[in-house]
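Comments concern the structure below.
FYI, it's all coordinate maths here, none of it is from the lab. All values derive from a computational prediction rather than experimental measurement. Methodologically, a virtual Cβ is constructed for each residue, glycine included, from the backbone with ideal geometry; neighbour enumeration extends over all protein chains shown.
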Amino acid sequence: MKQGLYLWICTLTTVCSIVFSLNVGSTISGETRHLYATFPPHLEDLGKFELKIAKNLTQSLLGSKLLPIRSTIRKFVHRYLVDFYQSTGYLQIKDVIGEEQTGASNYPICAYRLIRRSWLLLKNLIAHRDFQLTFGSLRREIVYFFWRHGWPLYRDYKISAEKVLTIQHVYNFESGKLAQGLLLDIQTNCTLSSTHCYEMGNSALKTDQFTLALEWLELAKEKSLADKKTSVAFTEFLILTATDEHNFEFDDKKKDLRPTFYNRKIRYIPGDSKMAQKVRNMQYNKFKGKRGKSNENFNYWGLCSGNNFQTDEEKSFLFCWLEFKLHPGLTIGPLKLEFLARNPDVLQVYDILEDKQLEALISDAKKIKAGSNSVKTMRGQTNPRSKHLSNAEVISWPDGSHENVFSEKIAQLSGLKDISSEIQIESYSFGGHYMPRKDQLSRNLINAGDDGIAYFIFNLNNVDNGGYTAFPSLGMATKPVKGSVVFWYSQYSGGKTNLSTNHGSCPVLCGQKWVAIKRLRLSNQLMEQKYGPTQSDLEAAMFGVLNIQNTHNLDIKNIVKGIVAGVNTGVTLNARDCWNIGKHCASVSYVLPGLKWLEHALYLVKNGSDVSVKYAEVYDDWVSLQVDYECATQPEKPICHGDTSSKFFDKIAKVDNFAEKLWSMCQGKTSQAEREKSELFCWYEREIHPSYKIAPIKAEWLSLRPKADVVYFHDIISDRLMNFLMNFTYENATGITYTNELTGELFVDPLPRQVVFAWAYPDDNEVTLYASKLAERITGLKIKRINGPGQRMTLYAPGGHRAYHHDSLPGMQVATFMFYFSDVAKGGETPFISSGFNVVPRKGSAVFWYNLFTDGLHDDSTDHGGCPVIIGEKWASIRWTIFSKIYYFFDPGQLLGSQWLCECETKLEFFKELAIFCQE
C-alpha cells in the first residue's frame, strides 16, 4: 500500500514538473521570451546552450552505465544527437570538445534545424520519464534556461522555415542544393532529410508559393525512397494537393501571373512540374534592369544576387576620392568617400566609426529586451509572413554618451543636424530582410515637417554573405562594410518624396547584420539644407509681393518700376514676372489682384517693350480668370449658363470685414477716437524688481477700457540677448508646411501666415529663462520653470504677415507678452482690429495684454494680426501665459465675482484648478 502510494506520488510529481517545464517559458516569462527566429543574440544563446547539452549527452552515450544499449531513453538521446551532428557540420565527436559555439546560428539550414530540434526533439526528450531519472541535474539546467528565456514556439519554427524559403526565392536557389547544405559556393555540411523537405514543401504551400512547394515535395519524395523517414504515400498526396491548388489559382491569374506560379498548368504526371518554367525566372529575365515601380521586385532579386543594372553612362559619373577638407574632428587622416549613384546622390563613407565604438554599440543593443511597445516585438513577429522579417529596436541615449557620436558624425559629414537622440538599431539573423520601401513615415501626418528628409545607415559589422542594401530604381546595391555609412536625401529640394530612393535589405545568407539608422526630420533642417531656391520659395516670394501690393493698395505700375511705398528699390519686374504673379494670385483665390497683374503684363507685351513672354499666353490666362470672375459675380450671363460652381465663388461672395479692416489699418487708417487717445498716458515704472534695470522702465498705454488694455514697454531687453535668441531661431527654425491628404505632397498655405519660427523653453538655455523671468517681473504672472510654456521666436521677411486672430483660442492663453527684436523700415505693424490702433515694432520693446476677462470669457477686443513687412525684417518673440501653467494668478477669491459664481457650473471647464472656490 505504501509502496503504491509512493509510486503514485513520484509519477504525479514527474508529470507536474514536465508540464511546468514545457509551459512556464511561454506563460510566466512571456514578456521577455527570446525571439529565436529573428534576434541573432537569442539564437546564439540557444546554440551555446545546446552545445553544452550535446557534450553531456555525448559523454553519456559513449558509456553504457547511464544509457543501456537496448533502453528506450538511449534511442531518444541517439536520435537527438544524430540530428545535432548532422545539422552543425561536425563530422566527428571529438570536434565538439573544446568548442563554445557551433556556428549553427550563422547558416539558414543549420539555424532552421536548431530551432526545430529545440522546439520538437528536445521537448520530447526531457519529457521522457527515464530522462528525469537519468539526467536529473542536466534536466534542471534545461528547465531553468527555458524558464528564463522561453521555449521556441511553433511560430519560431514557422518563421525559420519561411526565411529559408525567402532566401531560396530571392536568390533563386535550387532545393536540391539547399538540402545538401550548399549556399552559393559555401558548403555548410547542414543537410536536410526527406522529413525536412516535406515540411518545407508544406510551409511553402501554406503561403501559396506553389513552385517552391512542388519543388520541395518532389525532392522529399526522392529522398524518402532512400532514407525511409517519410511516407511516400503522404508525400504523393501532398504533391497532388499542391498541383490542384496551383491549377485552381492559375485560372484566375492568367493575365497577371504571380512569380509563385509555373507558366502553365501542371499535369498529374510524376515529375511534370520539373518540365515547366517558373514564372519568377521568366519575369526576371524579361524585366530585370528596367526602372519603375512595377519592376522593383525583379531588380531587387538581381541586385541581391550581386548584379548591377546601372547604365554605362550612369557609371561614368561615379567616382571615389580621399576627402581632406571635412571637419577636423572626424579622423586624423583623410576619409575615403564613394559615389554609388548620382541624381539622386547615394554616398558611402568608409571607416567613419572606430572598432571600439562599434563593439560598444552592438554590446549595448544585445542587452535590450523586447518590451510590449518596442519595435522588436512588432516587426517580423506578430505577422510571420511580414515583408519585414527583421528585428529592430528604437533606442534613445542621453546626451553626452558615446552613442551620440552618430549625431556628431552626421553634422560633420553633411552639415545637417539631428536634435533627436534616438537611433534605431536593427539586427538581421539568417534570412533577415525587408522588401523595397520608401523612407517616409505615414503620410497621414498633418504637419509634414515630421517627415524624413535624409537617411543614414551606419554598418556596424561585416556580413559574411548577403545583406546588401538594394536600390531597385537606381539599379545598384551597397555592400555592408564595417564602420562605413551610406547616406542619401529621401526628398527633393521642394519637399516631395523622391521615390527613386526606395530601398530594401537583401536576405542575410551567412552570418548576421547589424546597422544603426538615423532619419533626419524636415522640421529640424530648414536652415541647414544646402540647396538653392525651390518652387515653394518662388511661390512664397510672389505671394510676398502680392500681399504687400494688395494689403497696402499699392500701384502695380510703381512696383514694376521698383518703387514700393515711395521707396525706390532699384529692382524692376518684366512681363513674365507680372504674368507669374497673376497666375499665383489665381491659385490662392486673389481674383481681382490677379486680373490687375495679368492686365499689366498684357500692357507691357502689347506695347512691344517686353518680349519675355508671348502675348497669347498671357491673354488666355487673363480671359480664363475674367470668365471665372464674371460667372462668380454674374451667373446669369449666357456664357455661364447659370453655373455658380466657380472655384472663386465663395471667395468673392463672402466679404471678410475683419480682413478688410486689417488691410485698412495696415494702410494707416486707424479708428481710435481722439477721446480714447486723450486718456492714454506714459510713465516710468519704478516698482519692478531692481535687479533687472538700473533705470526705471518707460511704459505707455496704447489702449484702455472699454477697448483692450494694451501696455507698451520701451527698451527692456539688451542687444546681446536679442542676438542670442535670433541665432537660436536660425539654428532651430521651421516653417508652416502641411500634407495634401489626397496626393501626399507638401504644400505651404500662405493665407494664415508667412513666417519662419522656432520654439524655446525656459529650461532650454539661460537666455530664454531670463526672458521668461523678465516677463514675470513686469506682469506679475509666474509660470512653471520645468515643462512650462515655450517662447516662440518669429521672423517675418518682406511680405511676411499674420492674419487676424485671437490668442486665447484654443489654448486658454490668459495673457500675451510680445518682444520686438528689430526695427522695421516699412510695414510690419501689429494692428488691433476691434480696438482700432496699430503697434509699431521697435527694437528692444515689448507689448502686453490680457486675452481673457477675469471670468474666463474671451476679450474679443484683443483680436489682432500682423501687417506685411514691406522693407526690412521683423523679429518678434511671443511668450504666452497659459492658465494651466500658472503658479499663481491673482487672489482666486477676487478672480471669481458674483456673476462668475452664478455661472460656475457652466464655465468650470475653463478653470478646473479653482474648483474649490466654485461654491455658493
| message | Expected output is a single nm value to one decimal: the length gained when fully extending between residue 853 and residue 70, i.e. 0.36 nm times separation in residues minus the C-alpha distance. What is it? | response | 272.3 nm
| request: Describe numerically, in nm with one decimal, the distance between label points set 7 Å from Cα along Cα→Cβ at residue 677 and at residue 727. | output: 4.2 nm
| note | Beyond 25 Å (Cα-Cα) in this structure, taken from 698/843; 274/513; 356/479; 409/479; 557/614; 52/366, we find 274/513
| query | Suppose R0 equals 35 Å; then what is the FRET efficiency for residue 249 and residue 313 from their Cβ-Cβ distance, rounded to the nearest 0.05? | reply | 0.25
| What does a probe at residue 272 reach in segment 199-227, counting residues whose amide N is under 20 Å from the point 7 Å along Cα→Cβ? | 205, 209-222
| Separation in nanometres of the label points that stand 7 Å from Cα toward Cβ, at residue 684 and residue 499 | 7.0 nm
| Projected label distance in nm at residue 806 and residue 572, using a 7 Å step from Cα toward the beta-carbon | 5.0 nm
| request: Please arrange 855, 156, 227 by counting, for each residue, the other beta carbons lying within 10 Å of its beta carbon, fewest first. | output: 227, 855, 156
| query | Suppose R0 equals 22 Å; then what is the FRET efficiency for residue 840 and residue 535 from their Cβ-Cβ distance, rounded to the nearest 0.05? | reply | 0.05
| said: Give me the extension gain from residue 411 to residue 555: residue separation times 0.36 nm, minus the current Cα-Cα distance, reported in nm with one decimal. | reply: 47.1 nm
